[in-house]
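What follows is a single structure, written as structure tokens, with notes after it.
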Amino acid sequence: MRMVDIIAKKRDGGALSPEEIRFFIDGYVQGAIPDYQASALAMAIYFRDMTDAEIAELTRAMVASGETVDLSAIRGIKVDKHSTGGVGDTTTLVLAPLVASLGVPVAKMSGRGLGFTGGTLDKLESIAGFQVEQTTERFIDLVNRDKIAVIGQSSDLVPADKKLYALRDVTGSVESIPLIASSIMSKKIAAGADAIVLEVTTGRGAFMKNEKDAMRLAETMVRIGKRVGRETQAVITDMSQPLGRAIGNALEVREAIDTLKGQGPDDLRALVLALGSRMVLLAKKAETLEEAHRQLVNALDSGGAFDKFKQFIANQGGDPSVADHPEKLPQAKFQMELTAKNSGVVSEMAADEIGLAAMLLGAGRATKEERIDFAAGIVLHKKVGDPVASGESLATIHSDREKINDVIDKLYRTIKISDHAERPKLIRRIIT
Ligand code: URA
Ligand code: CA
């Protein structure tokens, strides 16, 4: 087999055989196939697309390119959740203890963030003492005993994705549905998921900027999941404005705690219930979606989810008293109010721009090496569709820097106030 023939076949619109796909992935990971040939194939795939059979085979070959996590020692159906990302995305911090409190095993491997704010690991590390490094043995024991553990992603999973993604990033072939779908699904499968619930975000703060592309990606991943024997469902959500009110690591932990207490912002609660009820259903802990939803609402209202959060934090070395005393979380030296310059209705809060403002405050990292300021960030008091009076606070800015004119200017440019605006619908579609 020759790589040049595989490239030409895809260039001409042909469907690659399983052998050809495996030849490419294996050869590329081993270094036998050079970057320029892999990049030519990625571009051909971008233009010519792939059949479901090809994408499923590509996913399998990518999983097989590295180690896989064996979660068979954990009893029950392991349902993983993945989000294509957003701004102020506090979901996992709430969702993991919530579904675990119903007996769904949550054996989660999470990542750090690059860009707007930290990832789930960074957010958890804003709790004093919390350890994201655990041995595999302890990880499995914790999930068997208490149904929840969250650790860092092993660097040995799906090396094909690391190499291919870095190549796509510099050769203009990131935005290809078959390449994105196989990249995401291979990582979930290698991490040991039996079933997968996907949140595909859409809008300015998301990877997929419009709903049509988000739908295509979600539908493809749901079909591929079924083909490779992992029941998969997807929820398409709006990320035109940040999720919830808090953007920043410790601020989002606090928002998660509020939500686990049955308080917290309505949109975050609604999203967690939508994703969680599907996780409970796929884990076969409920017969219907309505029953799963009822159980989750009960776990939020009864304090069961909140207690599970405290147990989870304590199990991994963190100080669980932050749940009752969130003022113990890192706090910024200064808090400044951003007041509205005129009255009306908030009509725009572009998630990407607000995410960049949070990053300027130190809540996120622009390069992998940068350190995060856990206390820094923004708490929104208004969201799109909310009426506002001149002089009222739109947001509180948390920062150790006293002079933050750059951030204030950016937020004023980003937040638009008009005569009229609709509240965007958070949950756009469900794909099963
Ligand atoms: N996220 C991923 O994990 N992979 C892609 O290819 C794109 C987004
Ligand atoms: Ca949030």
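What to note about this one:
- Distance from the Cα centroid of the range 229-291 to that of the range 32-87 is 25 Å (rounded to whole angstrom).
- Förster-model FRET efficiency, 25 Å R0, Asp5 and Thr171, C-beta, rounded to 0.05: 0.75
- Kirkwood's formula applied to the C-alpha pairs of the chain gives a hydrodynamic radius of 22.4 angstrom.
- Peptide packing for 123-132, 313-322 was compared via the average number of neighbouring C-beta atoms within 10 Å per residue; ordered from the highest value, the list is 123-132, 313-322.
- In this structure, the amide hydrogen of Ala246, modeled 1.01 Å from its nitrogen in the peptide plane, lies closer than 5 angstrom to those of Leu380, counting only residues at least 5 positions away or on a different chain.
- Tensor-based shape of the range 89-195 (alpha-carbon gyration tensor, a/c under 1.5 rounded, otherwise prolate or oblate): prolate
- Computed log10 I(q)/I(0) for the range 55-131 at 0.13, 0.17, 0.28 Å⁻¹: -0.55, -0.90, -1.27, from the Debye equation with unit scatterers placed on every C-alpha and solvent omitted.
- Rg to Rh, two decimals, where the range 325-397 supplies the alpha carbon set and Rh follows Kirkwood: 1.03
- Per residue, the Cα convex hull of the range 1-111 amounts to 147 Å³.
- Cβ-Cβ FRET estimate between Gln30 and Ser72, R0 fixed at 45 Å, reported to 0.05: 0.95
- Between 0 and 90°, nearest 10: helix 266-282 axis offset from the chain longest Cα axis: 40
- Note on the range 108-163: Kirkwood hydrodynamic radius from all Cα pairs is 12.5 Å, rounded to one decimal.
- Nearest-0.05 FRET efficiency for Ser302 and Ala270, computed from C-beta distance (R0 25 Å): 0.85
- Sum of -39500 (n - 2.57) over DSSP H runs of 4+, divided by residues of the chain (222 nm, nearest 500): -14000 deg cm²/dmol
- Computed label-point distance, nm, for sites His325 and Arg145 using a 7 Å Cα→Cβ extension: 2.5
- Charge sum, other residues only, whose C-beta stays under 13 Å from Lys284's C-beta, Lys/Arg counted +1 and Asp/Glu -1: 0
- Accessible surface of the chain [probe 1.4 Å, protein heavy atoms]: carbon and sulfur percent: 49
- Accessible surface for the chain, divided over its residues, is 41 Å² per residue with a 1.4 Å probe.
- Cα Rg, Dmax, the range 248-327, angstrom units: 13.3, 40
The values are calculated or read from the model by the stated rules, or taken from the named source; none is laboratory data. All values reported here derive from a predicted model rather than from experimental measurement. Methodologically, a virtual Cβ is constructed for each residue, glycine included, from the backbone with ideal geometry; neighbour enumeration extends over all protein chains shown. Remember, those area values only see protein heavy atoms, side chains included, never the ligands or the DNA or RNA. Shrake-Rupley method; radii C 1.70, N 1.55, O 1.52, S 1.80 Å.
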